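One structure is given below, encoded as structure tokens.
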Amino acid sequence: MKIYVKIAAGILALLVGAAFVLWYRVASVGQEALLDIATQANLCKTADCAEGIDEASSYLAEEFGLSPRLVEWCVGVDTLSERMGQKGLVNRSWWINLLYEPCGEPVVD
């Protein structure tokens, strides 16, 4: 019985670790994309462009009815969805749709 508890604890630890890595990666990609948006819109006033990122995030949050933190996630998912086929992940539609869940329905062109 103890071996099953250890296996279950190991699997749980792996799932928690994977969830953290996923969140960190999507948030990082979203932060980079927001920096690009702020730079292109000439919103940066300092070298790190923190105020420009905040302004871009606030605008997108207001435009789409999301929280500014959730905008970072959704922009990250948008950016990841554009990278089709990289790193051997050819068919990711179900995965991207799962990541879009907090954002609402994805807009399909």
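Since every read-out is calculated from the coordinates, none of them should be taken as a lab result. Quick caveat: nothing in here was measured; it's all calculated off a predicted structure. Reconstructed Cβ throughout: ideal geometry from the backbone, glycine too, with neighbour counts over all protein chains shown.
Couple of notes before you dig in:
- Within the listed set A33, A61, A18, the residue fluctuating most in the Gaussian network model of the chain (springs between alpha-carbon atoms under 10 angstrom) is A18.
- In degrees, nearest ten, helix 2-40 long axis to first principal axis of the chain (Cα): 10
- Pair-distance distribution of the chain: all C-alpha pairs, bin width 10 Å, starting at 0; shares per bin in whole percent are 13, 36, 28, 15, 6, 2, 0.
- Taking trypsin sites (Lys or Arg not before Pro) as exposed when DSSP calls them loop and at most 16 other C-beta atoms lie within 10 angstrom, the chain has its longest site-free stretch at 1-44.
- The modelled label-to-label distance for the pair A19/N42, using points 7 Å beyond Cα in the direction of Cβ, is 4.5 nm.
- Placing a label point 7 Å from the Cα of Q31 along the Cα-to-Cβ direction, the residues of segment 43-80 whose backbone N falls under 15 Å of that point are 48-54, 57, 69-77.
- Structure-based [θ]222 nm, the chain - -39500 (n - 2.57) summed over DSSP H runs of at least 4, per residue, nearest 500: -24000 deg cm²/dmol
- Highest average packing first - 52-58, 76-82, Cβ atoms within 10 Å: 52-58, 76-82
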